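Written out below as structure tokens is the structure these notes cover.
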Amino acid sequence: MPPAAPSEAPRVLPRRAPVRAAVHPAAWWGWALLLATAAGRTANPWLLLLVAAVAGLVVTWCRGDEPWSGAYRVFLFIGLSAVAVRMAFYVVFGGSDGPTVLFTLPSVTLPDWAAGFRLGGAVTAEGALAAAYDGLRLATLLVCVGAANALASPRRLLRSVPAALYEVSVAVVVALSVAPQLVESVGRVRRARALRGNTGRSPANLMRTVVAPVLHDALDRSLALAAAMASRGYGRAAGVPAPARRATGASLLIGLLGLCAGAYALLGTATPAPLAWSLLAVGAAAAVFGIAFASKRVPHTRYRPDRFRALDWAVLASGAAATAGTVLSGVLEPAALWPATNPLGVPELPLWAAAGIVLAAAPALLAPSGPSPTPLPPKGTP
Amino acid sequence: MSSGIAFEHVSFAYAGANVLDDVSFDLPEGEFCLLVGPTGAGKSTLLKMVNGLVPHFTGGTMSGRVRVAGREVRGAAPADLADVVGYVGQDPLAGFVTDEVELELAYTAEQLGVDPAAMRKRVTEIVDLLGLADVRGRALARLSSGQRQRVAIGAALVAGPAALVLDEPTSALDPTAADEVLSALHRLVHDLGVTVLLAEHRLERVAQYADSALLLNGGRAVWGPVAEVLAASPVAPPVVELGRLAGWPGPPVTIREARRHAAGLRDRLAGLEPAAPVEAAGPPLLEARGVTVDHPGVRAVDGVDLAAGRGERIALMGRNGSGKSSLLWALQGTGRRSGGRVAIGGTDPASLKPGERRRLAGLVPAEPADLLYAETWEAECEGADEDGGAPRGTCAKILADLVDGLGAGTHPRDLSEGQRLALALAVTLTAAPPLLLLDEPTRGLDHPGKAALAARLAALAAAGHAVVVSTHDVEFCAEFASRVVILSDGAVVADGPARQIVAASPMFAPQVAKVLPGRLTVGEVAAALEREADGTGDAAGG
């Protein structure tokens, strides 16, 4: 945030603060990502289901009634399909095997150039269970992202990014709004198709009568939006010299790449922890430098930025408890985090991790959504 | 040098075709200027030139100079002009960048780097000026369409531009919402001294607010007082046409001016009964009872009873969101219906397969392009024949009856609004449905286009179709409808002959009815006067 007129803000803010949603969007996203990190560090189905339940509970208690509040259900659905897809892949392509054969599919061995691949064949309980755990893990990660979406619109989160990332954040906002628009567009085009009595389901027909018009529509809309944004001043050069722009851009990019690499190394189990942490630290330092350097030169200002308060820290801390719990369990009882599927058995519940995840439900009590903060539309308004 | 909007010898050509040809005008500061012209005259191009969207976003060859508030505009990027020119497009939703009212209002100011304290003050002022105080914290998706358009105007104004440019800001609005928007604009001109240039097809809504008018026709522009310009314009609101017909000086632009002149004409017409329209009450076709449509969280249509016979021309009117579209879709059978019965010729369309359903009832949706997906209109026609199992050439023949002069091999999206609508109508008619439903067909049509559509639909009704049209356009309704049904909050609040219903409602009365009670259109008055001129025998006999 640019340092403009800090003395003015506090005088007006306290009176208006209650209008804003109670918790800072960055706190919600941090909470959800920490919860997702916890889920990413285990394949224990009890823990994963617990994470999904906690996310669901907090969403139910804390979300507002904004249009994006239904995102949790959508992501839950996507998560369930992820499990289904993972299972289907296991059945068709195989994976880890075990002694308990459930049924056998006709098997095809691929030619030499694809050696090592088999299609079909024996489907074992052990393999299916491993695939299910794997799918469940992915589904839980998706559910966490869905929870974040439902609790704080990504657009509001992006309002809190540093000024230097402004242009990037707007691009992301626009990209995010494409998905719901596509859904709406597909609905409209399908209904219009029914009006023409065209119900053919062949891919060529669908491509011509649904996909092409929808893409056409999306393109029209993006052009309209681009024109509207340009006429409202988006992308003004505003006197920043080109070399400075390039330098900040480069340091930002390097920093973000470092952050991504570090996060990936940290979540994956293959990289040694010290390397992962140092990657993350270097990346973060580069990112902070780039952002701080760039923010000084950005000619934009922010309208009523959201403040980070004690409550937001508490929400963040509850999410951190979940991650800490799984880390602790990883040290004390690693076997329970990655339960064996061969031989078959009922996995144990790692207590530390479970306790941490239960703590992550705290926002449900800390920041329940009261009566709707925004007034409902008056009755007579069409 | 003025400090409003000035064009000096501006020409613009796109892909070899001249759009604007040596256009010069000079709007003084604080002027409210109405841009008129037939469809395709280049109105949008001219508007977008003011803030550089043309040629920056479209390409093309431009010559001449454009100045806004004394600043040279040509060659500057739209983003760099955001502090001088505010631009408001036709569909506010398509131009919203954020999702909350206040954030949207502040967006331009954020881009310009306005100091946060000053920005807060500006937003508050704009909110008060446009009457948005009740909705300032609300999500944009939950606003009514009139509120949305006011937010779009406010968002363009927050940066304090010297000029405001609006491209058909009320075309999607019902008469009341349009009035809200226009009177807010009128106030802005007075309070802020903004120069406003506004294009609109529904001249009857806007003409009374404007200080001057700019007529764009065949690439040429004429600027002058509203009455003078409209008197010579190929498109004019009914009140001006009435004035031309009656030879009133001016001609009058507002209802009040026209009423002052109207006494003589009223007396002349008093003896002449309106030509009694021959209402052939055809055999009953549509029978709907207690139709209810529920959308998540809202009941869009609430127990509507509607019966229609062949040959009837029904206009479905009501405010934005009163359930008109939902009702049409439910009647056709493709849309959701939560309760009630619909029978078209004794059959419930919802119980049929889509292919059979469209033989009972055809619906042209609000976005006619949704029905079209071929590369050329010829291919579109062939596709329609295949979809409907009709003999080859059926659709092309219907289309030729509706409209002529389509360029061979034109892409449906490159057709003009009127041609595209005709194509969608022809595609729908290929299945020969006895019931024809049209959802808001007049958007983007100029006065001649609307008159042509009304005539086409009347011919279809005469051929035995029942035609139901949902519309906001009171003038189109007066031209077209034999019967008017008014919906409010999903329920029918009035249903009867157009003449009675429309005359009884100040919101839905056409201009002619306001000047000459009992008459609906200029054509009607002209016909009556002709009969008078032919000889008084008719009048005496009647």
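The values are calculated or read from the model by the stated rules, or taken from the named source; none is laboratory data. Source: prediction; values computed, not measured. Don't worry about glycine lacking a Cβ; one is built from the backbone with ideal geometry, like all the others, and counts go over all protein chains shown. Accessible surface areas use protein heavy atoms only, side chains included; no ligands, DNA or RNA. Shrake-Rupley method; radii C 1.70, N 1.55, O 1.52, S 1.80 Å.
Values for this structure:
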| read-out | value |
| --- | --- |
| Residue-by-residue Karplus 3J(HN,Hα) for the range B:490-507, coefficients 6.51, -1.76, 1.60, Hz, glycine and proline x | x, 10, 6, 10, 7, 7, x, x, 3, 4, 6, 4, 5, 5, 7, 10, x, 6 |
| Size of charge dipole - the protein assembly as shown - debye, nearest 20, with Cβ of Lys, Arg +1 and Asp, Glu -1, no other charges | 2020 debye |
| Burial ranking of peptide ranges A:318-329, B:93-104 (average Cβ count within 10 Å, highest at the top) | A:318-329, B:93-104 |
| Interchain or long-range residues, amide H under 5 Å from B:Val364's placed H | B:Leu437, B:Leu438, B:Asp439 |
| Nearest-ten-degree value, helix B:116-129 long axis tilted from longest Cα axis of chain B | 40 degrees |
| Principal axis dimensions, the range B:30-121 - Cα atoms, whole angstrom, descending | 41, 28, 28 |
| Hydrodynamic radius (Kirkwood) for the range B:210-337, which is based on Cα pairs only, to one decimal in Å | 19.2 Å |
| Normalised per residue, the volume of the convex hull around the Cα set of the range A:23-100 (Å³) | 117 Å³ |
| Estimated 222 nm signal from helices in chain B, with DSSP H stretches of n ≥ 4 weighted -39500 (n - 2.57), rounded to 500 | -11500 deg cm²/dmol |
| Size of chain B as Cα extents on the principal axes (Å, biggest first) | 67, 57, 49 |
| Given charges at beta-carbon only (K, R positive; D, E negative), |dipole| of the range B:284-512 in Debye | 680 debye |
| Estimated D of the range B:284-512 in µm² per second, where Rh is the Kirkwood radius over Cα pairs and Stokes-Einstein applies at 10 °C, 1.306 mPa s | 90 µm²/s |
| Gain on full stretching of the segment that runs from B:Arg259 to B:His190 - 0.36 nm per residue minus C-alpha separation | 22.2 nm |
| Point-to-point label distance, A:Ala247-B:Ala432, nm (Cα→Cβ direction, 7 Å offset) | 7.8 nm |
| Portion, in percent, of the accessible area of the range B:5-235 that falls on carbon or sulfur, probe 1.4 Å | 49 percent |
| Alpha-carbon Debye profile of the range B:180-267, log10 I(q)/I(0) at 0.14, 0.26 Å⁻¹ | -0.53, -1.32 |
| Average partner coverage of B:113-123, which counts Cβ from other chains inside 10 Å | 6 |
| Alpha carbon centroid spacing (whole Å) that separates the range A:311-349 from the range B:33-102 | 57 Å |
| 17 Å reach of a label modelled at B:Arg266, 7 Å along Cα-to-Cβ, counting backbone N of the range B:451-493 | none |
| At q = 0.14 Å⁻¹, base-10 log of I(q)/I(0) for the range B:374-483 (Debye sum, equal scatterers on each alpha carbon) | -0.55 |
| Computed log₁₀ I(q)/I(0) - Debye formula, equal Cα scatterers, no solvent, the range B:485-528, q 0.30 Å⁻¹ | -1.04 |
| Greater than 28 Å apart at Cα, pairs in B:Lys48/B:Lys450; B:Lys43/B:Lys397; B:Lys324/B:Lys514 | B:Lys43/B:Lys397 |
| 17 Å cut-off, amide nitrogen to a point 7 angstrom out along B:Asp115 Cα→Cβ, residues in the range B:150-165 | B:159-160 |
| Estimated vicinal HN-Hα couplings, Hz - the range A:220-232 in sequence order (Karplus 6.51, -1.76, 1.60; Gly, Pro = x) | 4, 5, 5, 5, 4, 5, 4, 5, 5, 5, 5, 5, 9 |
| Rg/Rh ratio calculated on Cα atoms of the range B:299-419 (Kirkwood radius) | 1.00 |
| Chain B: angle of helix B:101-112 to the longest principal axis, Cα-based, in degrees nearest 10 | 40 degrees |
| Percent of Cα pairs exceeding the 46 Å cut-off, where the set is the protein assembly as shown | 39 percent |
| Rel. contact order, % - alpha carbon contacts under 8 angstrom, at least six apart, chain B | 14 percent |
| Computed FRET value (nearest 0.05) for A:Val331 with A:Ala179, which takes r as the C-beta separation and R₀ as 45 Å | 0.70 |
| Farthest positive-ward along chain B dipole, Cα basis, beta-carbon charges - from B:His411, B:His186, B:Gln511 | B:Gln511 |
| Pairs of Cα atoms farther than 21 Å apart, the range B:5-235, % | 54 percent |
| With 10 Å bins from 0: P(r) over the range B:381-423, alpha-carbon pairs, percent | 28, 55, 17 |
| Per-residue ³J(HN,Hα) for the range A:121-129, Karplus 6.51 cos²θ - 1.76 cosθ + 1.60, θ = phi - 60°, Hz, x for Gly and Pro | x, 6, 10, 9, 5, 5, x, 4, 5 |
| Under-5 Å amide H pairs with B:Leu164, H placed in peptide plane, nonlocal only | B:Gly86, B:Thr195, B:Val196, B:Leu197 |
| Unpaired by the 4.7 Å Cβ criterion, cysteines found in the protein assembly as shown | A:Cys62, A:Cys144, A:Cys260, B:Cys33, B:Cys477 |
| Partner chain coverage, peptide B:95-105 - average Cβ within 10 angstrom | 5 |
| Packing-based order for B:377-384, A:347-354, B:324-331, using average beta carbon neighbours within 10 Å, highest first | B:324-331, B:377-384, A:347-354 |
| Cβ charges +1 (Lys, Arg) and -1 (Asp, Glu), total dipole of the range B:99-169, debye | 160 debye |
| At 0.692 mPa s and 37 °C, Stokes diffusion of the range B:1-82 via Kirkwood alpha-carbon radius, µm² per second | 254 µm²/s |
